[in-house]
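S.K.: Got a structure here, written out as structure tokens. Questions coming.
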Amino acid sequence: MLDYQQIRSILKNHTVGIAGAGGLGSNVAMALTRVGIGKLTVVDFDVVAESNLNRQFYFKHQVGFKKVDALRANLLSINPELILETYDVKLDSSNILSFFQTVDVMVEAFDRAEMKQIIIEKFQTEKPEIPLVIGNGMAGWGNSNDMKVQQYGNLYICGDGVSEVADNLPPIAPRVNICAAMEANVVLSILLNKVTNVKVKP
Amino acid sequence: MEIILNNNPDFVETTEKAITVEELLKIKKFSYKLLIVKVNDILVTKENYSKVSVCAGDNVQVIHLMTGG
């Protein structure tokens with residue numbers, strides 16, 4: 001069994017890629033920073049909007065800031081030793097692999113389903129050795145027990161698999177944060193299972 | 001034909017020894033626009049649905065993707 005110092009030192013030596021810095025990405029980054037991940041690579045082209053504050057890890061005074069810049073300020077306020085690589089770029093199928101060549105685990109944190117499909121197809125065909133963690137189905141409220149992690153080989157899907165965003169099913173803090181926390185939790189199980197004999201389920 | 005579908009044993013109504021992914025999706029009524037399909041842990045992209053076949057015992061995973069994040 002690992003003690004807490006060993007856990008911290010393992011995490012410090014690993015890099016996690018996060019595609020998107022919205023509801024999922026900003027909160028996954030926050031959780032991984034708190035547990036002492038060594039390096040994060042985060043890519044997002046967007047700007048913090050008032051409407052993001054219902055779920056994303058940003059503050060009122062950051063509205064109008066580039067998300068990657070606001071996130072940098074917030075994460076370094078938690079851990080100034082975090083090595084943080086950020087890119088203010090709109091990801092698509094032609095550029096997505098180039099930013100995450102050396103990550104140990106990849107986290108999908110897009111909102112649009114089309115982008116989720118692109119990242120899965122690119123990574124699972126061209127970088128199948130990198131574990132990929134996806135958020136899928138977290139709109140609305142309640143039904144906490146429906147949130148789950150399903151493993152498909154090297155692909156891990158977090159969420160309820162049914163709740164798509166709609167006018168009457170908004171993405172709001174509690175369930176989006178549950179999903180983001182599940183993604184971060186899967187990352188930990190992947191990184192720590194690599195080095196311990198006690199295998200924890202993702 | 002017995003396969004593993006989404007990590008559970010499943011029966012596919014067919015007399016063929018092998019069917020394509022496209023046929024499987026039709027039989028199992030997966031009609032969503034955005035799907036991820038893996039056969040024996042290998043990703044099958046949409047343009048290959050009619051080329052890749054599924055046989056008894058295969059491990060097939062079909063995931064419906066939805067917007068939100």
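S.K.: Where is the GNM fluctuation largest for chain A (alpha-carbon springs, 10 angstrom cutoff): A:SER163, A:SER189, A:SER94?
M.R.: Evaluated over chain A, the most mobile residue of the options is A:SER94.
S.K.: To continue, here is another question. Over the stretch B:2-64, calculate the relative contact order: mean separation of alpha carbon pairs under 8 Å at least 6 apart, over the residue count, as a percent. Walk me through the numbers before you get to the answer.
M.R.: On the way: 97 pairs, mean separation 29.8, N = 63.
Reported as a whole number, the value is 47 percent.
S.K.: What GluC sites (Glu not before Pro) does the stretch A:80-109 have in DSSP loop regions with at most 16 other beta carbons within 10 Å?
M.R.: On the way: sites: A:GLU81, A:GLU85, A:GLU108; in loops: A:GLU81.
Loop-located and lightly packed - A:GLU81.
S.K.: About its Cα centre, how strong a charge dipole does chain B have in debye, to the nearest 20, once Lys and Arg get +1 and Asp and Glu get -1 at the Cβ?
M.R.: Values: 8 positive and 9 negative charges, 57 e Å.
Result for chain B is approximately 280 debye, rounded to the nearest 20.
S.K.: Then there's this: Sort A:27-35, B:45-53, A:137-145, A:149-157 by the packing proxy (mean of other Cβ within 10 Å over each peptide's residues), most packed first. Write out the running numbers ahead of the final one.
M.R.: Working: A:27-35: 22.3, B:45-53: 13.1, A:137-145: 16.1, A:149-157: 19.4.
Descending packing order for the listed peptides: A:27-35, A:149-157, A:137-145, B:45-53.
S.K.: Using unit Cβ charges (K, R positive; D, E negative) and no other charged atoms, how large, in debye to the nearest 20, is the dipole of chain A about its Cα centre?
M.R.: Working: 19 positive and 21 negative charges, 116 e Å.
For this selection, approximately 560 debye.
S.K.: Among A:ILE190, A:GLN5, A:GLY153, flag the residue with its Cα farthest along the positive direction of the charge dipole of chain A, charges on Cβ as +1 for Lys/Arg and -1 for Asp/Glu.
M.R.: After comparing all options, I get A:GLN5.
S.K.: Something else now. Which chymotrypsin sites (Phe, Trp or Tyr not before Pro) from the stretch A:1-102 combine a DSSP loop assignment with at most 13 other Cβ atoms within 10 Å? Write down the numbers at each step before the final one.
M.R.: Numbers: sites: A:TYR4, A:PHE45, A:PHE57, A:TYR58, A:PHE59, A:PHE65, A:TYR87, A:PHE99, A:PHE100; in loops: A:PHE45, A:PHE57, A:TYR58, A:PHE59, A:PHE65.
When the chymotrypsin sites (Phe, Trp or Tyr not before Pro) of the stretch A:1-102 are filtered for loop state and at most 13 Cβ neighbours within 10 Å, A:PHE59 remain.
S.K.: Could you work out the mean count of beta carbons from other protein chains within 10 Å of each residue's beta carbon in A:115-122?
M.R.: Numbers: counts 3, 8, 8, 0, 0, 7, 5, 1.
Taking the mean over all residues of the peptide, I get 4.
S.K.: What whole number of Å gives the distance from the Cα centroid of the stretch A:59-121 to the Cα centroid of the stretch A:151-190?
M.R.: Comparing the Cα centres of the stretch A:151-190 and the stretch A:59-121, I get a distance of 17 Å.
S.K.: Taking the square root of 5 times each eigenvalue of the Cα gyration tensor, what semi-axes in Å does the equivalent ellipsoid of the stretch A:36-101 have, largest first? The partial results should precede the final answer.
M.R.: On the way: eigenvalues 85, 62, 14 Å².
Computed over the stretch A:36-101, the values are 21, 18, 8 Å.
S.K.: Using the C-alpha atoms of the protein assembly as shown, what convex hull volume per residue, in cubic angstrom, is computed?
M.R.: Details: hull volume 35.8 nm³, N = 271.
Residue-normalised Cα hull volume stands at 132 Å³.
S.K.: Give me the net charge for the shell around A:LYS116: Cβ to Cβ below 14 angstrom, other residues only, Lys and Arg +1, Asp and Glu -1. It would help to have the intermediate numbers written out before the result.
M.R.: Details: positive: A:ARG112, A:LYS122, B:LYS33; negative: A:ASP92, A:GLU108, A:ASP111, A:GLU114, A:GLU121, A:GLU164, A:GLU183.
After counting each charged neighbour, the total is -4.
S.K.: Of A:ILE178, A:PHE123, A:ALA113, which is farthest on the positive side of the dipole of chain A, counting Cα position, with +1 on Lys and Arg Cβ, -1 on Asp and Glu Cβ, and the Cα centre as origin?
M.R.: A:ILE178
S.K.: For the charge dipole of the protein assembly as shown, defined by +1 on Lys and Arg C-beta atoms and -1 on Asp and Glu C-beta atoms about the Cα centroid, which residue among A:MET30, A:ASN52, B:VAL21 has the Cα displaced farthest towards the positive pole?
M.R.: Sorting the options by dipole projection puts first A:MET30.
S.K.: Provide the net charge surrounding A:PHE45, with neighbours chosen by a C-beta distance below 11 Å and charges set as Lys +1, Arg +1, Asp -1, Glu -1. Please report the intermediate quantities before stating the final value.
M.R.: Values: positive: A:LYS66, A:LYS67, A:LYS90; negative: A:ASP44, A:ASP46, A:ASP88, A:ASP92.
Charge balance near A:PHE45 sits at -1.
S.K.: Say the cut-off is 25 Å between C-alpha atoms; which of A:LYS66/A:LYS116; A:LYS116/B:LYS28; A:LYS90/A:LYS127; A:LYS39/B:LYS33 go over it?
M.R.: Beyond 25 Å between Cα atoms: A:LYS39/B:LYS33.
S.K.: Compactness ratio of chain B: Cα Rg over 2.2 N^0.38 Å, N = residue count? Show your work: numbers first, answer last.
M.R.: On the way: Rg = 11.7 Å, N = 69, 2.2 N^0.38 = 11.0 Å.
Taking N as the residue count of chain B, the ratio is 1.06.
S.K.: Roughly speaking, what is the stretch gain from A:PHE65 to A:ASN145, that is 0.36 nm per residue apart minus the C-alpha to C-alpha distance, in nm to one decimal?
M.R.: Numbers: separation 80, 0.36 × 80 = 28.80 nm, distance 3.54 nm.
25.3 nm is the gain from fully extending A:PHE65 to A:ASN145.
S.K.: Next question. Quote the convex hull volume per residue of the stretch A:70-127, based on C-alpha atoms, as a whole number of Å³.
M.R.: On the way: hull volume 6.0 nm³, N = 58.
It is 103 Å³ per residue.
S.K.: Filter the GluC sites (Glu not before Pro) in the stretch A:112-172 to those in DSSP coil with at most 15 other Cβ atoms within 10 Å of their Cβ, and list the result. Numbers along the way, then the final one.
M.R.: Working: sites: A:GLU114, A:GLU121, A:GLU126, A:GLU129, A:GLU164; in loops: A:GLU129, A:GLU164.
Here the sparse-neighbourhood loop sites are A:GLU129.
S.K.: Determine the calculated [θ] at 222 nm for chain A from helices alone, applying -39500 (n - 2.57) to every DSSP H run no shorter than 4 residues and normalising by the residue count; nearest 500 deg cm²/dmol.
M.R.: Helix contribution divided over all residues of chain A: -11000 deg cm²/dmol.
S.K.: Let me spell out the model: positive unit charges on the Cβ of Lys and Arg, negative unit charges on the Cβ of Asp and Glu, origin at the Cα centre of the stretch A:13-76. What dipole size does that give, in debye rounded to 20?
M.R.: Details: 7 positive and 4 negative charges, 33 e Å.
Once rounded to the nearest 20, the dipole reads 160 debye.
S.K.: In a Gaussian network model over chain A where Cα atoms closer than 10 Å are linked, find which of A:ILE119, A:ILE37, A:ILE83 has the largest mean-square fluctuation.
M.R.: A:ILE83
Quick note: the coordinates plus some simple rules give every number you see, no bench work behind them. Since this is a predicted model, take the numbers as computed values, not measurements. We place every Cβ from the backbone using ideal geometry, glycine too, and count neighbours over all the protein chains shown.
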